[in-house]
Ligand SMILES: Cc1ncc(COP(=O)(O)O)c(C=O)c1O
């Protein structure tokens with residue numbers, strides 16, 4: 001079943017997304033008449049459904065619905081949740097075999113273009129992510145760690161915070177992936193234990209590959225960033241945003257956003273081409 005909340009009311013309280021967070025989601029940017037990186041978003045959802053054993057099968061109809069979305073605004077956020085739906089007994093999933101895709105539309109935050117120019121000042125969250133390889137990389141609906149990160153007073157002092165795991169290794173930002181460049185090599189935290197594999201991180205990785213470069217996935221402490229030439233946070237809505245300052249304990253490391261953006265060379269052009277051709281991650 002597909003429920004477009006622009007057309008009909010939200011789902012039931014018995015839905016397992018509400019009961020247990022038994023669902024996955026993706027947040028997409030609608031720009032210039034279509035959803036950017038739609039194939040990559042659908043691919044993410046298919047992978048998540050497979051790993052969570054959510055038996056959603058209506059992919060073609062869903063893709064068509066998303067491709068046909070008639071949105072008047074130039075930009076919009078489109079959120080897709082696929083839930084296991086209602087049913088089962090307690091946590092048990094037997095009998096819960098009618099998944100539901102929920103679609104909703106939201107305004108696009110207006111300040112991303114400015115952030116791209118000015119960069120962001122990030123702190124380090126004291127809230128650390130637990131390890132769960134079975135869920136690592138997925139954008140599943142159990143996001144209580146991110147809720148605690150956003151609720152922590154440390155988050156209020158900065159534009160965003162970087163987040164480590166319970167071993168103190170870098171994972172991501174509160175709602176974005178982390179990428180840095182050092183000596184011409186590109187790095188991003190390994191996400192095999194926790195964190196969300198982002199669509200925009202995938203786009204950057206493909207762009208680097210088109211230049212014969214690799215985005216290396218590493219386990220690294222926050223202090224590694226002090227030697228970086230440039231640091232970025234990425235997500236599907238805001239794109240690739242330079243970090244202009246990272247405050248960690250009593251130290252602050254600074255970068256010049258224009259210099260960081262210069263390292264992205266033809267990335268914006270690549271992004272536009274990918275969006276126009278409908279190609280994905
Ligand atoms: C915790 C977390 N990590 C990473 C990302 C980046 O993912 P994407 O590039 O798919 O937006 C998000 C996006 O919201 C997120 O919430």
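Coordinate-derived values only; no laboratory data. Here the structure is a predicted model, which is why all the values come from computation and not from measurement. Cβ placement follows ideal geometry from the backbone for every residue including glycine, while neighbour counts extend to all protein chains displayed.
For region 2-108, the alpha carbon positions stretch 44, 26, 20 Å along the principal axes, listed from largest to smallest. Label sites at residue 148 and residue 14, each approximated as a point 7 angstrom past Cα along Cα to Cβ, lie 3.3 nm apart. For region 185-270, the relative contact order works out to 26 percent when only alpha carbon pairs closer than 8 Å and six or more residues apart are counted. From least to most packed, judged by other beta carbons within 10 angstrom and beginning with the fewest, 22, 97 follow the order 97, 22. Rank 23, 36, 156 by mean-square fluctuation in a GNM of the chain with C-alpha springs under 10 angstrom and give only the top-ranked residue. Sorting by GNM fluctuation, first place goes to 156.
Note on residue 74/residue 118: beta-carbon distance plugged into 1/(1 + (r/R0)^6) with R0 of 25 Å gives a FRET efficiency of 0.70. Calculated on the Cα set of region 229-270, radius of gyration then Dmax: 11.6, 38 Å.
When the chain is treated as a GNM with alpha-carbon contacts under 10 Å, the residue of 160, 68, 190 showing the greatest mean-square fluctuation is 68. For region 220-262 versus region 41-64, the spacing of their alpha-carbon centroids is 34 Å. A P(r) calculated from all alpha carbon pairs of region 109-180, with 5 Å bins opening at zero, reads 3, 15, 25, 26, 17, 10, 4, 1 percent. Under a Gaussian network description of the chain, with springs only between Cα atoms under 10 Å, the residue in 83, 210, 250 that fluctuates furthest is 250. In the chain, the longest principal axis of the Cα atoms and the axis of helix 38-52 are about 70 degrees apart. Here is how the number arises for the chain: DSSP H runs of 4 or more residues each give -39500 (n - 2.57), the sum is divided by the residue count, and the result at 222 nm is -7500 deg cm²/dmol. Gyration tensor over the Cα atoms of region 141-281: the corresponding equivalent ellipsoid has semi-axes (square roots of 5 times the eigenvalues, largest first) of 24, 18, 14 Å.
For region 54-185, the Kirkwood estimate of hydrodynamic radius, built from reciprocal distances between every pair of different alpha carbons, is 18.3 Å.
Structural descriptor for the chain: relative contact order 20 percent, calculated from alpha carbon pairs under 8 angstrom and at least 6 residues apart.
Using a cutoff of 8 angstrom between alpha carbon atoms and counting only pairs six or more residues apart, the relative contact order for region 1-82 works out to 43 percent. Measuring r between the beta carbons of residue 250 and residue 182 and using R0 = 25 Å, the FRET efficiency lands at 0.65. Equivalent ellipsoid of the chain: semi-axes from √(5λ) of the C-alpha gyration tensor, largest first, are 32, 23, 17 Å.
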